[in-house]
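The values are calculated or read from the model by the stated rules, or taken from the named source; none is laboratory data. On a predicted model such as this, the values are computed, not experimentally measured, just so you know. Cβ placement follows ideal geometry from the backbone for every residue including glycine, while neighbour counts extend to all protein chains displayed. With ligands, DNA and RNA removed, areas are computed over all heavy atoms of the protein, side chains included. Shrake-Rupley method; radii C 1.70, N 1.55, O 1.52, S 1.80 Å.
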Amino acid sequence: MADLQTSLASAWLPNPLATASGCAAMGRELARFFPLSDLGAVVTKSVMLAPRSGRPTPRMAETPSGMLNSIGLQGSGVDALVEHDLPWLQAAGARTIVSIAGGSIEEYALVAERVNLAPPGSVAAVEVNISCPNVEDRGLVFACDPMAAASAVHAARRALDPSVPVLAKLSPDVTDIVAIARACVGAGADGLTMINTVLGMVIDTDTLRPALAGITGGLSGPAIRPVAVRCVWQVHAALPDVPILGVGGVRTGLDALQLVLAGASAVSVGTVVFNDPTAPVRVLRELDEALDARGFDSLAQAVGYAHRGLEV
Amino acid sequence: MADLQTSLASAWLPNPLATASGCAAMGRELARFFPLSDLGAVVTKSVMLAPRSGRPTPRMAETPSGMLNSIGLQGSGVDALVEHDLPWLQAAGARTIVSIAGGSIEEYALVAERVNLAPPGSVAAVEVNISCPNVEDRGLVFACDPMAAASAVHAARRALDPSVPVLAKLSPDVTDIVAIARACVGAGADGLTMINTVLGMVIDTDTLRPALAGITGGLSGPAIRPVAVRCVWQVHAALPDVPILGVGGVRTGLDALQLVLAGASAVSVGTVVFNDPTAPVRVLRELDEALDARGFDSLAQAVGYAHRGLEV
Amino acid sequence: MAAGPLQVKGEVISVRRVGAYSHVTLLAPGIAERVRPGHFVALAVGDATSSTLLRRSFSIYRAQERGVYGGTVEVVLSAHGPGTRWLSERRERDAVDVVGPLGTPFTLPRDPASCTLVGGGYGSAPLFGLADALRQRGCRVDVVLGAATEERLFGVLDAKRIAQSVTVTTDDGSMGVRGRVTDVLPALFERAETDVVYACGPMPMLRAVAGVAAAYEVASQVAVEEAMACGIGVCMTCVLPVVGDDGVTRMVRSCTEGPVFRGESVRFDAVGTVPADAYGAPQGSGH
Amino acid sequence: MAAGPLQVKGEVISVRRVGAYSHVTLLAPGIAERVRPGHFVALAVGDATSSTLLRRSFSIYRAQERGVYGGTVEVVLSAHGPGTRWLSERRERDAVDVVGPLGTPFTLPRDPASCTLVGGGYGSAPLFGLADALRQRGCRVDVVLGAATEERLFGVLDAKRIAQSVTVTTDDGSMGVRGRVTDVLPALFERAETDVVYACGPMPMLRAVAGVAAAYEVASQVAVEEAMACGIGVCMTCVLPVVGDDGVTRMVRSCTEGPVFRGESVRFDAVGTVPADAYGAPQGSGH
Ligand SMILES: Cc1cc2nc3c(=O)[nH]c(=O)nc-3n(C[C@H](O)[C@H](O)[C@H](O)COP(=O)(O)OP(=O)(O)OC[C@H]3O[C@@H](n4cnc5c(N)ncnc54)[C@H](O)[C@@H]3O)c2cc1C
Ligand SMILES: Cc1cc2nc3c(=O)[nH]c(=O)nc-3n(C[C@H](O)[C@H](O)[C@H](O)COP(=O)(O)OP(=O)(O)OC[C@H]3O[C@@H](n4cnc5c(N)ncnc54)[C@H](O)[C@@H]3O)c2cc1C
Ligand SMILES: Cc1cc2nc3c(=O)[nH]c(=O)nc-3n(C[C@H](O)[C@H](O)[C@H](O)COP(=O)(O)O)c2cc1C
Ligand SMILES: Cc1cc2nc3c(=O)[nH]c(=O)nc-3n(C[C@H](O)[C@H](O)[C@H](O)COP(=O)(O)O)c2cc1C
Ligand code: FES
Ligand code: FES
């Protein structure tokens, strides 16, 4: 058995498997299938300041080896998270990575401040979801511009308890993901989560209209795994010391291993949970076996291993 | 039977189905499965000025509902195309869209000039593949920068016989594809082809190394169809008068219909040819049936139909 | 008491055509024991390399704790898209991964009551288990089955075995009364002195039934069918606007809070939208 | 003369285990008639919704123009990845889409000659049809079969029926001579006065065989196995460096110009690279 311990900056995790934001709600439902404490971490659905109804339906469309979603960040807001969900998760023995979102720089700061009010030890890390439209800048997505991305991350970092590491969650829908990664790290991100969904669209050939009420949506699932591996690879090559939480299309332990070899210290399973509710624990077991079979004594040895000899 | 005639700027096509560059070589091999004249057009593998050996193997990896390739534009160069392939294609009754590529602005111009030497009537249009690294600008891909993209398109447009329409082939790997589209149209592109492959990567979990000799590669196939539909949608919304050749993940007539409803006047089938060599003619038949079943009298009516009522 | 859902490697016992539908019986040990009327199962499509990732949800028609084979679950499906087609093409002994039982089941009346069960198309599937449970509690059960055509009716014989009365409607008159289920409901409500109506079927039918029920001051429970990505409550794709006991409209998940809702709580007119007065709805012009 | 390839909806007649392999017989009308020794088929994996898009290539072991069933094609496969596993799990009457015959077959000597056929693992599959064709032309045929272990040998009995002599080697000595095929070739070349050696198997074996053949001035033909995306010549993924008659090295497609090449034309040492002297190779430092 390989030593599976890992860490994302100052957050220690007993193993590298996590859920993905928005694919495990606040953890309660998955806890009916396996103990959340078996995972390295639970990543919560992104919370904003106020409760949000989300977008109209249809909110999803199936695509080859993937799906499109446009939920619109429905949720009860950060206060409900702090009051109800985080204590429950802590009691369940989960390590929780809180995902926060905002429509303005100020909202990121305000949400982060409220997260500080969580019970001590209930927040392992905060993931800053910057794939949100900035209402103050013509709805441009923070993650698509290095300055905007940095400002959002900086606002959250400053507002948060310094002992809690901040992960910036990047969008692959950019010309140069390394530039965004650098900007986020420069703004105080202790680590990076990659990738959020890829912007996509499905047209319903019966109604002859966009299939989603939101018109475009986020593509996720195994279809995008090669994009996730590429982003993790590029950013790890440029910033080898920045810990990465890899996410995107993981279905099997070997998929998770690809992300690890590319440079991820931990791996989230998102969409595949919809296919297989017990996927996170299955993938963990398969990853463990895969590491053993390849003679790795520890997960740490495998992180970024595919780069060796290729550094320029 | 709906009227399937279509056009890409001044290029008239009897129907909207085409092959995709690099997925049908120069047409000869597919002609063993169906008459090339049955298609709207054959899009050739991108040619450069000189013969090219391409990249070392492995050049491909299979991915969920897709594949990754890194061929490196292997080919015999534009002169061989003009001398051997275009006359052959013309004799076979095919309408040929010649895809050209370059490593510098000058190369685009030189290749385009040589295309002018093709037998009269043998070139229906020229597609400018700008997803090439610019050797003069640190290998930055032309398609990733509006200025570079425009320069390449402009060079080709100026060098080419004015009667031959030019399509600029865009990469989805950009923050703002509409900006690139505008730049290309501003530089003289008569139409746009969307999309080229999405940058991706696979790590071989046996060798613990990148699966491709070229490390990263282009993701194609049904996995990326939602990205293609989104790009066509966005660009058609912004530039409704610019004809679009849609490509990306088309497997069925309904997939082709999605691209048409999003705004494509013609549709290429790429990777799916590897799965089903007769796919282009099958997809044409299925598209024809789908148009009939939905009461469209002509393909032209369906182009961009999903936008109606949604224009801002 | 029913415990939480399980994920089990199921096995196909049989697939039989019934009119326009496929009646699929699955060996799914552990699940049958937990099923209550109104629960559903979510079935995976294909194997671990399938391109069709999302599970398909089906009402449970019957659940047997142990037959010849061990615990079985039966569903009735209409094959149209890739998932339902794949399921209808299964052969004996094929593997099908099953998650269930899922959802909030029908609420049964505490005391014996007169219950009218309304099923549209395959929507009748969950009503027979419900009818059994109601009969066991001494309730009167009347059944109304409606569909476009005779072959899209399901369970007419089952209903006759179990119900005080069975009324059939078809749009084309190929069986029973030509018309809609709501055409026959008022008379039935009077005749049976209906206390509560249970309905499962297409959304427009549920809306109409809830409307008639409200008009006749009959309590109603409707089992809705919204497109679901996960079926287990984690994705938020399956929401619809539902008014809570506090009078506040929320976008609630039909897979966990539903699929069964009180008819008057569902804002049928606003399904597919986020009503402006919904909890957390976008304020002002910004969105 | 063999015409071009066809795409046909094939049907599984049988799948049988043979040692470590699966021997699959497919009904594929029209294809058998066109097969010549060394041709291969490309089989689609799964149906029209399969996530596994790329076809898998297999040497044709046997092709019968019409048996009980009509034209059949037989392949021998080693199940390891998703595609070969899927194929090995097919049942009678399952559908499998077949494209073939593909590739450039073995060249037969014009006049009767002494031919040595060398197969590594399942690489022996295409050699039996070749042996038949050679025998019909009055050639002498000797066969050498090698594999890691006995269960990875294929066709020892077939070979015995058809060949003047059969030599078996295994890495572990579980059958025949312990060692490699090349250990036994020199003696055989002398004994049989071999004019031409035909080989099919893993790349290192082909390289070694071509080397021994060159040393003994025996002509050689090798059937290579490169990862293929299309199998029909349109994708350029399956290339390897081959020296042409003009002395120029080109990156040629093993699916159309191959899989059979003259042994001395393949630059085995450079497979997986683009030799600097190859036609169109990157010049200078730029790439
Ligand atoms: C609680 C519940 C109970 C159901 N019971 C039955 C039943 O007893 N018999 C029956 O035939 N059908 C039932 N359905 C509908 C059934 O789930 C859909 O017909 C099926 O998912 C469509 O899959 P497909 O591949 O054939 O079609 P597709 O249209 O290709 O499905 C594409 C995607 O949309 C989702 N989807 C599409 N339509 C629906 C829908 N109506 N409901 C939920 N998801 C949908 C699918 O899950 C899939 O993810 C029920 C649905 C729900 C929510
Ligand atoms: C001309 C030719 C003849 C062959 N004959 C036989 C035979 O008779 N019996 C047999 O068992 N195998 C044969 N092979 C190899 C067989 O094609 C591969 O083992 C098979 O494609 C692997 O598929 P997979 O899904 O099991 O593995 P995976 O590794 O998952 O395949 C992934 C992808 O790589 C390609 N690929 C991987 N390995 C190979 C390979 N060695 N050759 C070609 N493509 C590959 C596959 O086509 C697929 O696209 C032959 C290959 C070629 C090119
Ligand atoms: C239904 C759904 C909802 C999601 N919601 C969020 C979210 O609230 N915040 C976030 O950062 N990412 C969200 N994501 C993105 C995922 O966390 C993940 O980055 C992405 O889906 C890629 O991983 P996957 O392929 O494993 O799903 C969501 C994804 C899905 C499918
Ligand atoms: C093997 C392969 C080679 C390709 N070569 C080229 C090329 O030379 N020029 C080009 O513009 N696009 C090339 N492409 C991209 C395709 O033309 C197409 O844009 C892309 O694959 C998306 O379409 P698809 O999903 O239908 O394959 C290639 C794609 C593949 C798979
Ligand atoms: S289907 Fe996922 S929350 Fe209801
Ligand atoms: S496999 Fe496509 S060219 Fe050979």
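Below is a table of values for the structure above.
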{"item": "Positive dipole terminus of chain D, leading residue within D:Leu108, D:Pro241, D:Thr72 (C-beta point charges)", "result": "D:Thr72"}
{"item": "Size of the A/B contact, given as accessible area buried on both chains, probe 1.4 Å, in Å²", "result": "3700"}
{"item": "Cα-centre dipole for segment C:6-102 with unit charges at Cβ (Lys and Arg positive, Asp and Glu negative), debye to 20", "result": "180"}
{"item": "Within the accessible area of chain B (1.4 Å probe), percent carbon and sulfur", "result": "53"}
{"item": "For segment B:139-294, convex hull of alpha carbons as volume per residue, Å³", "result": "143"}
{"item": "Per residue Cα convex hull volume in Å³ - calculated over segment D:114-270", "result": "116"}
{"item": "Cα-based shape type of segment C:210-287, given that a ≥ b ≥ c are square roots of the gyration tensor eigenvalues and the cut on a/c is 1.5", "result": "oblate"}
{"item": "Between segment D:240-261 and segment C:99-153, the alpha-carbon center distance in angstrom", "result": "71"}
{"item": "Nearest residue to the symmetry axis between C and D, taken on chain C by its Cβ, in whole Å", "result": "C:Ser51, 2"}
{"item": "Carbon + sulfur, % of accessible area of chain C - ligands and nucleic acids excluded, 1.4 Å", "result": "48"}
{"item": "Against the rule of thumb 2.2 N^0.38 Å, how large the Cα Rg of the protein assembly as shown comes out", "result": "0.98"}
{"item": "Rg and Dmax [Cα atoms of chain D; Å; Rg one decimal, Dmax integer]", "result": "18.7, 62"}
{"item": "Extended-chain gain in nm, criterion 0.36 nm per residue less alpha-carbon gap, A:Ala91 and A:Arg138", "result": "12.7 nm"}
{"item": "Other copies of B:Glu289: label-to-label distances in nm, shortest first, labels 7 Å along the beta-carbon direction", "result": "4.2"}
{"item": "About the Cα centre, charge dipole magnitude for chain D (Lys/Arg +1, Asp/Glu -1 at Cβ), debye", "result": "620"}
{"item": "Calculated FRET value between B:Leu117 and D:Ala276, using beta carbons and R₀ = 30 Å, to 0.05", "result": "0.45"}
{"item": "Spin-label proximity, D:Glu151 to segment D:122-140 - amide N less than 15 Å from point 7 Å beyond Cα toward beta carbon", "result": "D:122"}
{"item": "FRET efficiency estimate (nearest 0.05) - Cβ-Cβ, D:Glu33 to D:Asp183, R0 51 angstrom", "result": "0.80"}
{"item": "Cβ-derived FRET efficiency at R0 25 Å, C:Val248 paired with C:Asp111, nearest 0.05", "result": "0.25"}
{"item": "Test item: A:66-78 mean partner chain Cβ contacts at 10 Å", "result": "4"}
{"item": "When segment B:47-179 is reduced to its Cα atoms, the Kirkwood hydrodynamic radius in Å", "result": "15.6"}
{"item": "Interface burial for C against B (accessible surface, 1.4 Å probe, total of both chains, Å², rounded to 100)", "result": "0"}
{"item": "Three-way shape call for chain B based on the alpha-carbon gyration tensor, with the a/c threshold at 1.5", "result": "rounded"}
{"item": "Label distances, nm, B:Thr278 versus same residue in remaining copies, Cβ-directed 7 Å point", "result": "4.4"}
{"item": "For the protein assembly as shown: accessible area per residue (Å², 1.4 Å)", "result": "37"}
{"item": "222 nm mean residue ellipticity, helices alone, for the protein assembly as shown (DSSP H n ≥ 4; -39,500 (n - 2.57); rounded to 500)", "result": "-6500 deg cm²/dmol"}
{"item": "Other-copy label distances relative to B:Gly93, 7 angstrom Cα-Cβ extension, nm", "result": "7.2"}
{"item": "Cα gyration tensor shape of segment C:6-102, rounded if a/c is under 1.5, else prolate or oblate by comparing a/b with b/c", "result": "rounded"}
{"item": "Signed unit charges on C-beta, dipole axis of chain D, positive-most listed residue D:Tyr216, D:Gly121, D:Ser88", "result": "D:Ser88"}
{"item": "Fraction of the pair-distance distribution of segment A:87-155 above 19 Å, Cα-Cα pairs, percent", "result": "37"}
